[in-house]
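All remarks here apply to the structure that follows.
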């Protein structure tokens with residue numbers, strides 16, 4: 001099978017289940033952000049995070065592939081019935097993991113700057129990519145062209161990625177980088 005088809009050479013692309021749209025269509029932009037997020041999680045995994053986090057990231061990558069497929073498929077397309085479902089348990093699992101991790105982490109007393117270990121810094125990057133993907137998904141939710149579960153998943157995932165960054169630092173005995181703003185100078 002060839003990777004290139006030349007069908008997109010005119011600036012359009014096919015949606016799963018039929019139909020073609022411009023490559024700068026809102027839907028294509030949104031699922032492209034999810035694809036970038038998935039690649040970013042792969043980058044995080046390349047920085048050897050703690051094994052528990054690595055296993056979670058692998059599961060999240062699988063789930064993001066499903067999220068992207070759902071976003072790339074018009075809800076009324078026949079192909080939509082052939083997609084794996086988005087599961088409520090994915091969000092519950094993320095919430096449970098955050099609760100478990102919070103018990104391990106020192107209490108937050110400051111805003112935290114992205115940084116620390118390579119894995120933690122990459123997790124912070126993934127969090128910002130996730131927030132962008134969420135922002136791109138919201139117009140599709142408003143239009144009724146994607147299910148609400150997509151936005152809920154991305155919203156919770158960005159929170160989880162923040163907590164995972166803190167865990168990566170904590171387990172490596174590296175302090176989170178606190179934001180301590182300068183005091184305004186008196187004139």
* To do: Would you mind telling me which numbered condition in (1) surrounded by fewer than 19 Cβ atoms within 10 Å (Cβ to Cβ); (2) in contact (Cβ under 8 Å) with a residue 60 or more places away in the chain; (3) in a helix (DSSP H, G or I) residue 55 fails?
  => (2)
* To do: Go through (1) closer than 16 Å to residue 154 by Cα; (2) free of Cβ contacts under 8 Å to residues at least 40 places away in the same chain; (3) in contact with a helix residue (DSSP H, G or I) (Cβ under 7 Å, 6 or more places away or on another chain); (4) surrounded by fewer than 14 Cβ atoms within 10 Å (Cβ to Cβ) and name the single condition residue 38 misses.
  => (4)
* To do: Mind listing whichever residues of segment 122-148 are in contact with a helix residue (DSSP H, G or I) (Cβ under 7 Å, 6 or more places away or on another chain), free of Cβ contacts under 8 Å to residues at least 60 places away in the same chain and within 22 Å of residue 16 (Cβ to Cβ)?
  => 134, 138, 141, 148
* Just one of (1) out of contact with any helix residue (DSSP H, G or I) (no Cβ under 7 Å at 6 or more places or on another chain); (2) in contact (Cβ under 8 Å) with a residue 60 or more places away in the chain; (3) closer than 30 Å to residue 178 by Cβ; (4) not in a loop (DSSP other than H, G, I, E, B) trips up residue 80, so point out which. => (3)
* Can you tell me which residue within segment 83-94, out of those that are out of contact with any helix residue (DSSP H, G or I) (no Cβ under 6 Å at 6 or more places or on another chain) and not in a helix (DSSP H, G or I), is surrounded by the most Cβ atoms within 10 Å (Cβ to Cβ)? => 87
* Asked: Regarding residue 145, is this residue outside any helix (DSSP H, G or I), modelled with pLDDT under 95, in contact with a strand residue (DSSP E or B) (Cβ under 8 Å, 6 or more places away or on another chain) and farther than 22 Å from residue 58 by Cα?
  -> no
* Asked: Somewhere in segment 96-115, is a residue under 27 Å from residue 24 (Cα atoms) and part of a helix (DSSP H, G or I)?
  -> no
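The values are calculated or read from the model by the stated rules, or taken from the named source; none is laboratory data. Since this is a predicted model, take the numbers as computed values, not measurements. Neighbour counts are summed over all protein chains in view; Cβ atoms, including those assigned to glycine, are modelled from backbone coordinates with ideal geometry.
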